[in-house]
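The structure appears right after this line, and notes come after that.
The values are calculated or read from the model by the stated rules, or taken from the named source; none is laboratory data. Model, not experiment: these values are computed from the prediction. Note that we place each Cβ from the backbone using ideal geometry, even for glycine, and neighbour counts take in every protein chain shown.
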């Protein structure tokens, strides 16, 4: 448990430039992330359609918007080459959108996943590619014995961020 708390504190410190702007939605998101890591039974890497992924929070802070815009420009420059892949593995994602972690998700339904880590990368990918491109992406799915409470809290975070089940991508 101490290791999980230490990891969470390091995560928060990495977001320190955003700490002064924390709101209720951010506190709930932090609680959701802690609960996911505390209550998961295991995780596994799976491939899902890019547009089966939903962001948990809006990209609405200055540094997050800037980072997402940089990612969009980088992806646009290599879009045609990336379209040849059709499947973006962790290796492909790391090459073009480097990060310390995978895009981490919780399954909401048969073809719907909510990303709680990697939202900026997800938004950039969904801005550059379209559903017609039929891109699949490798993500880390977190599994639970009973995901109902986690999913309910994730839905609340999405609502507080102005996102609903019909809204994907964008900010």
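Just one of (1) outside any helix (DSSP H, G or I); (2) farther than 14 Å from residue 33 by Cβ; (3) at pLDDT 95 or above fails for residue 155. It is (1).
On the stretch given as region 38-69, residues that are assigned to a helix (DSSP H, G or I) and either within 15 Å of the chain's Cα centre (by Cα) or closer than 21 Å to residue 126 by Cβ (or both) total 11.
Scanning region 109-129 for residues that are over 20 Å from residue 36 (Cβ atoms), in a loop (DSSP other than H, G, I, E, B) and in contact with a strand residue (DSSP E or B) (Cβ under 8 Å, 6 or more places away or on another chain) gives a single hit, 111.
Taken together, the residues in region 85-108 that are in contact with a helix residue (DSSP H, G or I) (Cβ under 9 Å, 6 or more places away or on another chain), assigned to a loop (DSSP other than H, G, I, E, B), within 29 Å of residue 146 (Cα to Cα) and in contact (Cβ under 8 Å) with a residue 40 or more places away in the chain amount to 2.
Every condition in (1) surrounded by 18 or more Cβ atoms within 10 Å (Cβ to Cβ); (2) touching a residue at least 24 places away in the same chain (Cβ under 8 Å) holds for residue 76 except the one numbered (1).
Yes/no per residue for (1) closer than 24 Å to residue 27 by Cα; (2) surrounded by fewer than 16 Cβ atoms within 10 Å (Cβ to Cβ):
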site: 60; (1), (2): yes, yes
site: 68; (1), (2): yes, no
site: 82; (1), (2): no, no
site: 85; (1), (2): no, yes
site: 123; (1), (2): yes, no
site: 127; (1), (2): no, no
site: 145; (1), (2): no, yes
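Do the conditions hold for residue 45, that is, is it over 29 Å from residue 6 (Cα atoms) and touching a residue at least 40 places away in the same chain (Cβ under 8 Å)? Criteria not met by residue 45.
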